[in-house]
Amino acid sequence: MSQTVDTAFLRASDLFEHQSEEVVRPVLAQGRIEAFGAGHVVFRQGDAGDRLYIVKSGVLEVLASRDGADSVPIAYLGEAEVLGELALLTGSPRSATARAPERAEVLTLEKYVFFDQMASLPLFAQGLGRVLRR
C-alpha cells in the first residue's frame, strides 16, 4: 500500500484532519499498523492505557462490563475513528474492551508519540477536543 493512501487515512481522523503532510508522515512512521482477525481482542477492559488506536480498515466493536455482568457492545468504530485517548489522558485503565468482529487494521501510536504531538501541535490538541466531544 502506498504512503499516500496511508497518509490520507490518517488525515481523515479527527486528530490529524487539519495537519499538513509534513506533520502526518513522521507520525505515521512512528506508529505501527496491526492486523486483527475476526474475534481478536485489541485491548481488554482494565488493561493499561499505553497506546492510542486509529482504525485503518474494518470495524472495532467496543464492549463494556459493569458490576460483573457480561460484556455488552456500546459502540462500533469504523475507518479513521480514534479510541484509547481517554485512558492515555487520565492514566486510568481501559474502561472497555475493543475487538474486531471481522478483519480490521489499526494504527497504534505509543503514549510518547501521542504526548509529543499534543505538546508540539496546537491543531492536534484541537483534534483531540473533537474526539473527546463524541
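Some points to look at:
Matching residues to (1) among the aliphatic types (A, V, I, L, M); (2) open to solvent by less than 70 Å² (accessible area, probe 1.4 Å):
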{"site": "Ser20", "(1), (2)": "no, yes"}
{"site": "Val24", "(1), (2)": "yes, yes"}
{"site": "Ala29", "(1), (2)": "yes, no"}
{"site": "Arg32", "(1), (2)": "no, no"}
{"site": "Phe36", "(1), (2)": "no, yes"}
{"site": "Val41", "(1), (2)": "yes, yes"}
{"site": "Leu52", "(1), (2)": "yes, yes"}
{"site": "Val55", "(1), (2)": "yes, yes"}
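- Considering residues of segment 6-49 that are of a type in the set (Asp, Glu) and more than 11 Å from the chain's Cα centre (by Cα) only, the residue nearest to Ser95 (Cα to Cα): Asp47
- Matching residues in segment 66-86 - criterion: being surrounded by fewer than 20 Cβ atoms within 10 Å (Cβ to Cβ), in contact (Cβ under 8 Å) with a residue 24 or more places away in the chain and in a loop (DSSP other than H, G, I, E, B): Ser71, Glu79, Glu81
- Total residues in segment 37-65, condition among the β-branched types (Val, Ile, Thr) and in a loop (DSSP other than H, G, I, E, B): 1
- Looking only at residues of segment 87-96 that are in a loop (DSSP other than H, G, I, E, B) and out of contact with any helix residue (DSSP H, G or I) (no Cβ under 6 Å at 6 or more places or on another chain), we find that the one that is modelled with the lowest pLDDT is Gly91.
- For segment 97-109, the count of residues that are at pLDDT below 90 and either open to solvent by less than 70 Å² (accessible area, probe 1.4 Å) or more than 11 Å from the chain's Cα centre (by Cα) (or both) is at least one.
The values are calculated or read from the model by the stated rules, or taken from the named source; none is laboratory data. Keep in mind that this is a model prediction, so the values were computed, not measured. Every residue, glycine as well, gets a Cβ built from its backbone with ideal geometry; the counts of neighbours run over all protein chains shown. Just so you know, the surface numbers come from the protein's heavy atoms only, side chains and all, with ligands and any DNA or RNA stripped out. Shrake-Rupley method; radii C 1.70, N 1.55, O 1.52, S 1.80 Å.
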